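Engineer: Handing you this structure, nothing more for now.
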Amino acid sequence: MTTLFFKKAFSAKAVFVRKLFNCALSTLCFMMIAICISACSKDDEGGGAVPGDYYFRAKVGTKEINFHTVNFQGSGNDDRFEHIVVGGYETSYPLSGPVPPSLDFEIWRLGGNIGVGTYATPAENKMIARYAIQKPEGTLLYNTSFADDVFTLKIEAISKSGIRGTFSGTVRNMAGEAISITGGTFNLPYQTVINP
């Protein structure tokens, strides 16, 4: 009887610790992406005008958003994409003041290749989607690691020239509150910050 009690207590603590670890890891990843996105500029990549047909759009909850300060980055060996990140902010990134909410997704395929195709959670354990709201008390993070919600990303084209595709799904915070993301679509150049 006592052994059963300790197993249940330990199991509950392990789940709690795992959720805290996932939250901390997700927050760290988001911060790294935010730093990368804010550190890039069109001048860093040779400048030039960005054509008006680039975009990153979605309906978050009931709000249609055309995201700003959007960037597509990737890396890998032998001209492969083993890691990609696409993300942006609801409004232009401010020089000072509060950071606007952001949306991003990330895929890892170390040793593999991220190509044209459909990727989805929870089946894809090396993919995450995040929606972050900055509040005075800290970041309210919604992502795909807190539950078995489905988030689907369809890559229609990907190269060192850019990426194009669609996405939709659900992200959830630690309290279990969910946000639906629908009608997501993107067409972005490689390593160039886009502002609509």
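The values are calculated or read from the model by the stated rules, or taken from the named source; none is laboratory data. None of these values were measured; they are calculated from a predicted model. A quick note on method: Cβ atoms are made from the backbone with ideal geometry, for glycine too, and the neighbour counts reach across all protein chains shown. Ligands, DNA and RNA are excluded from the accessible area calculation, which covers all protein heavy atoms including side chains. Shrake-Rupley method; radii C 1.70, N 1.55, O 1.52, S 1.80 Å.
Engineer: Look through the stretch 72-115, keep the residues that are among the acidic types (D, E) and in contact with a Gly (Cβ under 9 Å, 6 or more places away or on another chain), and return whichever of them is surrounded by the fewest Cβ atoms within 10 Å (Cβ to Cβ).
Structural biologist: Filtering the stretch 72-115 down to residues among the acidic types (D, E) leaves 78-79, 82, 90, 104, 106.
Subsequent filtering for residues that are in contact with a Gly (Cβ under 9 Å, 6 or more places away or on another chain) retains 82, 104, 106.
Values: E82: 17, D104: 24, E106: 19.
Only one residue fits best here, namely E82.
Engineer: Checking the structure you have, find out if any residue of the stretch 96-112 is farther than 21 Å from N66 by Cα, in contact with a His (Cβ under 9 Å, 6 or more places away or on another chain) and assigned to a strand (DSSP E or B). Step through it out loud before you land on a result.
Structural biologist: Initial filter on the stretch 96-112 (farther than 21 Å from N66 by Cα): 96, 107-112.
Among the residues that remain, those that are also in contact with a His (Cβ under 9 Å, 6 or more places away or on another chain) are: 107-110.
The next check asks that each one be assigned to a strand (DSSP E or B); those that pass are 107-108.
Scanning the stretch 96-112, I find at least one residue that is farther than 21 Å from N66 by Cα, in contact with a His (Cβ under 9 Å, 6 or more places away or on another chain) and assigned to a strand (DSSP E or B), so the answer is yes.
Engineer: With the requirement that a residue be open to solvent by 50 Å² or more (accessible area, probe 1.4 Å) and either β-branched (V, I, T) or farther than 24 Å from Y119 by Cβ (or both), what does the stretch 54-63 give you?
Structural biologist: Hits for the stretch 54-63 are T62, K63.
Residue-wise test of (1) among the polar types (S, T, N, Q); (2) in contact with a Leu (Cβ under 8 Å, 6 or more places away or on another chain); (3) under 18 Å from F81 (Cβ atoms).
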position: A123; (1), (2), (3): no, no, no
position: A129; (1), (2), (3): no, yes, yes
position: I133; (1), (2), (3): no, yes, no
position: G138; (1), (2), (3): no, no, no
position: Y142; (1), (2), (3): no, no, no
position: D148; (1), (2), (3): no, no, no
position: L188; (1), (2), (3): no, no, yes
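Engineer: Separate question: Identify the residue in the stretch 161-194 that is touching a residue at least 12 places away in the same chain (Cβ under 8 Å), assigned to a loop (DSSP other than H, G, I, E, B) and over 14 Å from F72 (Cβ atoms) and, among all such residues, is least open to solvent (accessible area, probe 1.4 Å). Steps first, answer last, please.
Structural biologist: As a first pass, look at the stretch 161-194 and keep what is touching a residue at least 12 places away in the same chain (Cβ under 8 Å): 161-174, 176-194.
Pick out the ones that are also assigned to a loop (DSSP other than H, G, I, E, B) and you get 161, 173-174, 176-177, 190-193.
In the following step, the residues that additionally are over 14 Å from F72 (Cβ atoms) were identified as 173-174, 176-177.
Values: N173: 6, M174: 82, G176: 34, E177: 101 Å².
Only one residue tops the list, namely N173.
Engineer: Looking at (1) surrounded by 16 or more Cβ atoms within 10 Å (Cβ to Cβ); (2) part of a strand (DSSP E or B); (3) in contact (Cβ under 8 Å) with a residue 24 or more places away in the chain, which is the only condition T118 fails?
Structural biologist: Condition not satisfied by T118: (1).
Engineer: Any idea which residue in the stretch 140-160 is farthest from the chain's Cα centre (by Cα), counting only those that are open to solvent by 60 Å² or more (accessible area, probe 1.4 Å) and not aliphatic (A, V, I, L, M)?
Structural biologist: From the stretch 140-160, those open to solvent by 60 Å² or more (accessible area, probe 1.4 Å) are 148, 150, 154, 156, 160; that's our starting set.
Subsequent filtering for residues that are not aliphatic (A, V, I, L, M) retains 148, 154, 156, 160.
Values: D148: 16, K154: 14, E156: 18, K160: 20 Å.
Out of the qualifying residues, it is K160.
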